[in-house]
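See structure below.
The values are calculated or read from the model by the stated rules, or taken from the named source; none is laboratory data. Quick caveat, the model's predicted, so the values are computed rather than measured. Positions of Cβ are generated from backbone atoms using ideal geometry, with glycine treated the same way; all protein chains shown enter the neighbour counts. In case anyone asks, the SASA skips ligands and DNA or RNA and just uses the protein heavy atoms, side chains included. Shrake-Rupley method; radii C 1.70, N 1.55, O 1.52, S 1.80 Å.
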Amino acid sequence: MEAMEYSNENMEIRNMERIRHIQRHPLFQELWKKLQDAEKDRIFCRHTMEHFLDVARLMYIYSLEDGEKIRKDVIYAAALLHDIGRYEQIVSGTPHDIASAGIAEGIMKDSGFTADEIHIVQNAILGHRKKDSLTSEDRLTAYLYRADKKSRNCFACPAEAACDWPKEKKNLWIEY
């Protein structure tokens, strides 16, 4: 039993190291800095590290509540990378889900993820803006869609009245 626990501990360390690699990846850092600079004067929700981590943590909670066996590193990879293409959308008009999915492939490959893991995360990123993803059989996609929307604190936002999100999409009160 002790060897099994050690093996699981080593696996968890390896998995979290892959997430650290994403965070430190030169392309992630470059795009992250450009996005932060591009959105520095934005009055609406910004795509900060807090947003990315809120999305990851909500996704993980949803998976635990549903008894799903989605690995934490796959959840965090999807959350960290789902909006990384926002800068490309700002400068070229490419939808950020498409840009993010393309960017995710190289970063995840460099970070030691398998082709299957990359494909699963790319699908989740591509679906994170589609309302029908909420009922998807692909739980990672459904969790990413839900967490991305629920991570926004519209009820406390000074720009809520000027926001173009439909009222039914806004989080106008604390939910759990």
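Across segment 139-152, rounded Karplus estimates of 3J(HN,Hα) from the backbone phi angles (6.51 cos²θ - 1.76 cosθ + 1.60, θ = phi - 60°) give 5, 4, 5, 4, 5, 5, 4, 4, 5, 4, 6, 6, 6, 8 Hz, Gly and Pro being marked x. The amide H of W165, built 1.01 Å from its N in the peptide plane, has no neighbour under 5 Å, considering only residues 5 or more places off or on other chains.
Helical content of the chain, expressed as a calculated mean residue ellipticity at 222 nm, amounts to -20000 deg cm²/dmol (DSSP H runs of 4 or more residues, -39,500 (n - 2.57) each, divided by residue number, nearest 500). The alpha-carbon of K169 sits under 13 angstrom from the alpha-carbons of these aspartates and glutamates, leaving out residues fewer than 8 places away in its chain: D148, E160. Of all the options K150, K69, K33, the one that moves most in a Gaussian network model of the chain with Cα springs shorter than 10 angstrom is K69.
Expressed as a rounded percentage, what relative contact order does the chain have, with Cα pairs under 8 Å and six or more residues apart? It rounds to 21 percent for the chain. Evaluating 6.51 cos²θ - 1.76 cosθ + 1.60 at θ = phi - 60° for every residue in segment 170-176, the Karplus couplings come out as 6, 8, 9, 7, 6, 10, 9 Hz, glycine and proline recorded as x. For the cross-link pairs K34/K69; K34/K150; K69/K167; K69/K131; K33/K109; K34/K109, the ones whose C-alpha atoms lie over 30 Å apart are K34/K69; K69/K167. A 1.4 Å probe run over segment 1-153, with the rest of the protein chains in place, finds 54 Å² accessible per residue.
Estimated from the Cβ-Cβ distance and a Förster radius of 22 angstrom, the FRET efficiency linking R57 and A115 is about 0.25. If you model the chain as an ellipsoid using its alpha carbon gyration tensor, with each semi-axis the square root of five times an eigenvalue, the axes come out at 28, 20, 15 Å, biggest first. With both labels modelled 7 Å from their Cα along Cα-to-Cβ, the L172 to L27 distance reads 4.1 nm.
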